[in-house]
1. For segment 1-145, what number results from the quotient of the Cα radius of gyration and 2.2 N^0.38 Å?
2. If the limit is 32 Å between Cα atoms, which of K143/K877; K169/K937; K657/K708; K1060/K1127; K612/K742; K958/K1078 go over it?
3. Considering only the other residues whose Cβ falls under 15 Å of the Cβ of I55, what net charge follows from Lys and Arg at +1 and Asp and Glu at -1?
4. List the trypsin sites (Lys or Arg not before Pro) within segment 621-704 that fall in a DSSP loop (any state other than H, G, I, E or B) and whose Cβ has at most 14 other Cβ atoms within 10 Å.
5. Multiply the residue gap between I53 and V398 by 0.36 nm, knock off their C-alpha separation, and tell me the result in nm, one decimal place.
6. With only alpha-carbon atoms in the gyration tensor, what are the semi-axes of the equivalent ellipsoid for segment 42-90, in Å, largest first?
7. Just to verify a number: what accessible area does R511 come out at with the full protein assembly present, 1.4 Å probe, Å² rounded to tens?
8. Per residue, how much accessible area does segment 233-328 show when a 1.4 Å probe rolls over the protein heavy atoms, in square angstrom?
Amino acid sequence: MAHQDDALSAGTPDPLQLLSSALSAPADSAEQGERLVQLRVVLENNRPSLIPIMISNLLPTTAMSVDSVLKRWLLDLVLYALGSQALDYNTRTGVAMEVVSHLAGLLYGTHIPIVKTVISCFSSIYPLIFRAVCQPAGMAAQKQWEIVLAAKDRIFKLLDSPTAPLGIKLCALKFMQRAILVQGRGPTDPRLQNIADPNLSLVPTGHPFISPSQLENEGVELLQKMITLLFKSNVVEIISALVNCFDAFVRLRPALGEVILQTLEVWTPTALAAQSPTSIRSVERSIRILLTHWLRSPHGPPHTARVHQILQKQAERIQQAAAEEDRRQATLKRPAPSEDENPHAAQRLRLDPAAAAGMATLGDLSAFDVSTLPPEMVVDLVIANLALVSEQELMAAVQTVRQAFAAATSSVTSQAQPAGGLTTQEAMASALVSRMEDNDDEDVVMEEEEEEDDEDMEYEPDKLNEQLSLDLPATSAHGVVLEADDEDVLQSLRLANYELPLPKPVDPDSRTKMIQSVLSRLWENGKETELQAPEESDAEDIKAVAGLPAHELWMLTLVRMVTRGSTSSGDDSVSSKSEDDSPPPVRTHPSSDDIRQRLYDFVLSDFPNRIKVATTWLTEEWINDKRHTQDELLPSGHYEKWLRMIVEELTREVDSKDKSLNRFLMDVPVLPPFVFGMMRELCVVEQRMAIGFGVLREIAMSREPLRKQALEIVFDLTTHPVKVTRNAAIITTKRWVQDNRKLESYTRAFASQMLKRLSLGTAVSNDANINGEPPDMDEESKHLNASETETAEPKASPAREKNLEYATSYVPEVPVPPVDRALVQQYLELYFVLCLTSQEMLDEIFDRYPYMDSSVQEAIQDLITNLVKTLGQSNGKLLTLLRTFPAGSETLALRVLNILTETRRPSAPLVALIKAIVAERNLDVRFLMPILSEMEKADILRYLPRIVATLTGQAAEKALVRSVFSSIVTAPPQTFATSSNQPRAKQSELLTPVELMVLLHHIDRDAGLKPTIEAIQLCFSMTDIYRSDVLAAVIQQLVDEPTLPTLFMRTVIMTVQRYKTLTPFVSTTILARLIPKKVWEQPPLWDGFLRCAKMIAPSSYAVLLQLPKAQLRDAVSRDADLRSGLKDFMVKRGGNNRARLVEIFGEDDESGHPNITGHTGSSPAPPTPTLLPNEIGAT
């Protein structure tokens, strides 16, 4: 047996050698692919235990690389390891814990096969990590669980994306199935629980970061989403995948069986109507397999009757669909000729099969109803038959039809009538009846309506005679040719050369009375109708005669009587010029304005229902003004006058929710400049701004020639100093961006213009004049843009408008530094709002940021906060900007990073990104502060001196470093001095309070002495962490070191000042242990030693007496208080030993000053201490 094993191992290639050869082969070559395939076979069949080892060594370096054969092979290996039964459950869980952070970043990639593989991996990772965090030691997996939750959100976004490929959506559905199973309730009996089926029953009560109720509610929502997708999706593959997902729900979650059953009872393939019958049958087959398997499972018997009922309904549905498909196919087939009906058909078929195959007799198709065929099928058949006709045959057929049509037309008057024809009177009556019946033809009506709009309703007898003569054909309406004898009678009935006499002139007073009488009758007797359409039958009759509906005909008559009947005519309307060539005013009847006033009052009394009357009236006024201009008369100005009066009244009275003003201004022919001025005034009044912005929005979207004026006003208001007005204008432009692609380009151009003005390094373009017109605009275009009183609105050029520099009245073109934050907000608030939907605009902010004044940069760092928070850490554009931001915009990138990590822990992709760019671009250490808590312990120790070196005494810097200390230090247990078996969260990654304080005492050379002192003071300010027991442990560990740190005694003094209870510990333990270390050999420490001894006296007197005599004499010579206190202590303790006292303290001279032996004159001044004064209170 042993020989067989040796032979087997000898014949199996070494996995490490295969891996080495694959890595040494050319990248992405066929040789490398073959080596990796061999390695995969060996690992699966012989050495599966090596799979986790290879994954842990290869994945960190391969995951973030470009697409390659090795990367795909490794991801497939990860997928195999997560789901293979060759590895035990704990091993698979360990693999999941290790790879989850690397795989999360790949979900944002663009390579479809890799994204599909990663989503499949997360389908296995999700239940594994969920079970791990539910275990007693699951607190250590909190980071991995948060990564999984972020990945879950990303996968669901891919599922909802309309542009995601189908393969990714199918993998996302599989992940959703796993999530629903995990976030559901399984059997509560431990004996029935399956280790491979984790569920909410495993979550212990009071779990610190998992909420079972929240997860269960989310699982229910996901199931509802799957069911909704089943009914609405028209993709066969997605429907089949959903049905396959239901099988696991039925097997593993029997409680969901009722929901699945109710869903299948009401489901029909309605959404798949556009799919082929084969595809629909494929979905039906999947449902039938699911139900059949359900009946055979242990959960099927309670639902047998309902399942059989569903299967029966499905069979009927399939049978009905098959019958409809057969009928449709049958209509496509040409029926074969019958020999009984045409005995010669078979002979012709045998004699000339090619000709017979392409012909069909009229008798064959006489019984077939073509109208039963679908229009699409008829079009296909016509096109297919035309394709068989040659070009020569087609042209010959067309020519034949043309000749036949010409002959038929000429024969209408030339052919004789057959016997039994109609009489002339009958022909005339038939023709008139035919005209009355055919008057509803849409083309004729539309043509008549267009003529009524463009021309006056005038009575022209000659034209009418000509039409009557042409409308009486020589044939009847039934196609019967008239008799030749009746033709002469018909000719005699025609009007020839008849002209109506001119109407008798009416004096102005009579004309005015007539008009007023008509108006009174219309308004008094027609109020019940309110100019509404009459009954349908009556309306059709009136429309057939006049070409207009009844209510429009009355309305047109009314406004024309007002606009034309009330004006003077003839010589009264036109006067010759005076001798001084000054044009005389146009004379009108004195009562014309009175009549218009009555119409004005009538319109405004119920404006929403009389908008059509108002627009028709003003259109007629505009036409009259236009005719005056063409006739070289002074324009009457009625149009602008009454338009101004109506708009002014409506702006005062109309409700902000009423859209009648919008509809009115959209229909009038021309909008003069004063209308835009009124709308601007409305926009700055909070109670009426909805009306103004609503009108401007509609003008910009619906009336392109007036777009420029509306854009200028709204764009200008986006920089208004009042926030309410500015926000309303920004909301208006935001809707433009969402609804209109052209307006989006204009809006983005204006926002970029505002950003450009804040850049110092880029010259502000000022080629436009005060009206925002380009300098190369011709005089005619300027005139049209300045006023709309011309006959037609000028056509705007989108390309020209997008390059315009829009003038602004609320912000200067060139701001003078320093710029106030509020002014910067006026410039850029619109830009930041647009960045939410057009995130590529963020690039321009970073590109222009280095060229801005420092005051503008500070304002942008503050104003960008809400935008960054809304986008979040998972936004791909922000991550790309953090990787590629230009030089000079480091402070903005750092601000973005700080905002992203203020309220949330940094995600794994963000941590990896920041570490990479800091290493590549040698960035400031401040970029590492927000992510330092997520880094390994070795990285924390490496970067800590650089972080401490940033302290320069500024409050902001202290707060930032203090937050870093709080994030990298674990809170000590309440019983710090005693042992505790409870593990601390992330103990392997974070520092203990003692480790951090000790480390700070050794980085003074790298970080600088003053920054190190500030860092230690920050630690003392963290009183919840650095308690008395923690500080005692710190100084205990420091005193045990061979070489004492420079700041050691400073820390001891601060500790004693903060916690007086540590005085005995310091005196008997710390100071006593410093004497054998010869603390006096280091002057800074010796000075601190003496200061501490004085501070804790008399507890320190016993320790001082342990000093050598020379150091003791030096100590007492430095401080008189310490000398007297120590002398009294010695007298009380050892008696009055004068020799010893003199040896230490010397003889007192007559003045009472000590005269210590060995010292002549005054004692030398002590060296200047390096310690700063007490600064604990400053912290």
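The values are calculated or read from the model by the stated rules, or taken from the named source; none is laboratory data. Keep in mind that what you see is a predicted model, and the values were worked out from it rather than measured. As a convention, Cβ positions derive from the backbone with ideal geometry for all residues, glycine included, and neighbour counts pool all protein chains shown. Keep in mind that these areas ignore ligands, DNA and RNA; they rest on the heavy atoms of the full protein, side chains included. Shrake-Rupley method; radii C 1.70, N 1.55, O 1.52, S 1.80 Å.
1. My calculation over the Cα atoms of segment 1-145 gives 1.13.
2. Too far apart for the 32 Å limit: K169/K937; K958/K1078.
3. Summing Lys/Arg as +1 and Asp/Glu as -1 gives +2.
4. Answer by residue number: K657.
5. 116.0 nm
6. Taking √(5λ) for each Cα gyration eigenvalue gives 20, 10, 10 Å.
7. For R511, the solvent-accessible surface is approximately 50 Å².
8. Accessible area per residue: 54 Å².
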